[in-house]
Amino acid sequence: MSVFDGLKFRRVSSPIHMLDPRIKFLYVCSIFVVAIVFFELLPLLVLFLFQIPFVILARVQREWVRSLRGAAFLASIIFGTNILFRFMYAGYSLTANDIEYASAMTMRFIALVESFSIFFLTTSPDHLGLALEKSHIPYEFCFAFTTAVRFVPVLAEEAQTIMDAQKARGLELEKGNFLKRIRNYIPVLIPLIISAIRRSLELAEAMEARAWGAIEKRTNLYSLKMKRNDYLLVLVSIFVLIIGIFVRFYVSIPTLSNLLGF
Amino acid sequence: MAIVKAQSLTYTYPNAEKPALDDVSFEIQKGEFVILTGPSGCGKTSLCRCLNGLIPHFYQGELKGKILVNKYNIVDHPIHELAKHVGLVFQNPENQLFALSVEKDVAFGLENLGIPRKEMIERVDCALKTAGIEDLAERAPHELSGGQQQRVAIASIIAMNPEILVLDEPTSFLDPLGAKRIFKVIGKLNESMDMTVILVEHRLDLAAKYADHVIVMDKGKIALDGKPRKVLNSDETRMLGVGIPKATRLYQLLDEEKALHSRQVPVTADEMGKLVRGALRA
Ligand SMILES: Nc1ncnc2c1ncn2[C@@H]1O[C@H](COP(=O)(O)OP(=O)(O)OP(=O)(O)O)[C@@H](O)[C@H]1O
Ligand SMILES: [Mg+2]
């Protein structure tokens, strides 16, 4: 299980999926800014909880939980190093505050993963490509991006087929030490690369046949139009940003241990 | 009016020893349904590549002789200009679909041509309907079966509304029923929209009835060129290993015995059925 599994897009129709990807990106950015200005556990916890309604609205709870589980390993490393660092820094002793600080850093990471996973889980690669195009990124790059996404599953399947075919010819992939194992993969990689090159030539041919490069300014089947919910999300993003910055500068934030009376 | 006209067309791929097309001359009239057939490696695909300028612009190599497509000399016009007039559906459906949804793929050519959005949506819908895949519009191409992908590839060319539709073995991934449906779609485009169709095909059993003109190639040369019944009934075609319709073959066998008296060589099972019924009654 990897972090990326939790970022795989699945087609669902929900108000969150319908949002303009650019605005969703704005939202992710504002969460990002707020997350990095705080060093205290309490506001970061609030930030984490604040995003849960989005997950539920988008009906991607299962995938979301999976992405968090995928992030758990990195999160525990962050927690561990922070504790270790504090422990050594404070002369080999640990207070409740130190633990809270380490937790805050971990929570910051989790809140960031959460916002990114909401973004990727609810934005189709199509929409993402479109958003790239509308952000004045040269079309060639956007095309390369969507085509790469399109061919990932195809190449993965092909790799599997080649592996099976080579295994049937007696190739042993899981044998030997680390270096040997890497070498074992050469008979898989070479056909895969050759086929990918052949594929890309055929793709180029097909693009030419469909008038690629006929005019400078190509049109687009899809358009991005801001709707009510998009404006709403803009407001939410700005609101989060302003509240975050205001609290940072004008409110003294109690630590959780104070609050609980330790 | 000849819409395609080749004169002593000879083409050699870069670094190849023998020419893939060797002194090829033929004419195709506007509105014709042409079947191009011949043994594997005889140069059918290479000829298709000439029709929209992939040869010589994409493949380079050495081109001699002349080919006019829609009055354009392909050497003088870039591929994207020829692509407006000649739609080419390739042999492998998978590698001609690049988008993440079917409708976006069908729109790709129109986007490149800068067609306004409103018109584009109409043309995409129309092409999807013609190919019989409206229900796949939002699916991802890689989730589709080979046959469905082939239909998407055809729809994406139909959407561009070319005068000449070239299909390079469009049924290689299809079962007979699927192939039959594709031929029907192509036949309709030829009939009702007056599109000139050039179909590269081995399954003559199903395709022959639509043809007005059959060209048989062999080793880079044109072996036979003419009316379907004449070409398909000739011994030369059969000797080349072209899979002539079974009805035609049966006719030849029965005709040796002079059992049938017909002025018209049958190319479909229906025609043959009629003939046999007539002979039995007589
Ligand atoms: N890209 C290429 N580079 C070099 N030679 C090629 C290339 N493509 C085809 N050829 C050669 O040109 C000749 C004609 O090939 P072509 O693909 O046109 O045949 P075909 O009739 O389409 O065969 P098939 O029925 O198998 O598709 C063959 O000898 C082939 O080896
Ligand atoms: Mg071919």
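Could you count how many residues in region B:107-123 are within 16 Å of A:Lys217 (Cβ to Cβ) and β-branched (Val, Ile, Thr)?
1
Those residues that are without any contact (Cβ under 8 Å) to a residue 24 or more places away in the chain, farther than 19 Å from A:Glu202 by Cα, assigned to a helix (DSSP H, G or I) and not polar (S, T, N, Q), I need them from region A:142-172; list them, please.
Selection gives A:Cys142, A:Asp164, A:Ala165, A:Lys167, A:Ala168.
Among the residues that make up region B:163-182, is at least one of them over 28 Å from B:Leu204 (Cβ atoms), part of a helix (DSSP H, G or I) and away from chain A (no Cβ under 12 Å)?
Among the residues of region B:163-182, not one is over 28 Å from B:Leu204 (Cβ atoms), part of a helix (DSSP H, G or I) and away from chain A (no Cβ under 12 Å), which makes the answer no.
Of the residues in region A:202-225, how many are more than 9 Å from chain B (Cβ to nearest Cβ) and surrounded by 11 or more Cβ atoms within 10 Å (Cβ to Cβ)?
Within region A:202-225, residues that are more than 9 Å from chain B (Cβ to nearest Cβ) and surrounded by 11 or more Cβ atoms within 10 Å (Cβ to Cβ) number 1.
From (1) surrounded by 14 or more Cβ atoms within 10 Å (Cβ to Cβ); (2) outside the structural domain of B:Tyr13 (by TED's automatic domain parsing), pick out the condition that doesn't hold for B:Asp270.
(1)
Please determine, by comparing only the residues of region B:2-21 that are assigned to a strand (DSSP E or B) and within 16 Å of ligand 2 (Cβ to nearest atom), which one is farthest from the other protein chains (Cβ to nearest Cβ).
Within region B:2-21, the match that is farthest from the other protein chains (Cβ to nearest Cβ) is B:Leu21.
Are any residues in region B:200-209 over 15 Å from B:Val231 (Cα atoms) and either within 14 Å of another protein chain (Cβ to nearest Cβ) or more than 13 Å from ligand 1 (Cβ to nearest atom) (or both), and if so, which ones?
The answer is B:Leu206, and nothing else.
Looking for something in contact (Cβ under 8 Å) with a residue 24 or more places away in the chain, surrounded by 22 or more Cβ atoms within 10 Å (Cβ to Cβ) and more than 18 Å from A:Trp212 (Cα to Cα) - is there at least one such residue anywhere in region B:137-146?
yes
Which residue, of B:Ile121, B:Ile158, is within 11 Å of chain A (Cβ to nearest Cβ) and away from ligand 2 (no atom under 16 Å from the Cβ)?
B:Ile121
Please pick out the residue among B:Leu51, B:Leu47, B:Leu88 that is within 30 Å of A:Thr147 (Cα to Cα), facing another protein chain (nearest Cβ under 8 Å), within 13 Å of ligand 1 (Cβ to nearest atom) and in contact (Cβ under 8 Å) with a residue 60 or more places away in the chain.
Answer to the selection: B:Leu88.
The values are calculated or read from the model by the stated rules, or taken from the named source; none is laboratory data. Owing to the predicted nature of the structure, the values given are computational and were not obtained by experimental measurement. Reconstructed Cβ throughout: ideal geometry from the backbone, glycine too, with neighbour counts over all protein chains shown.
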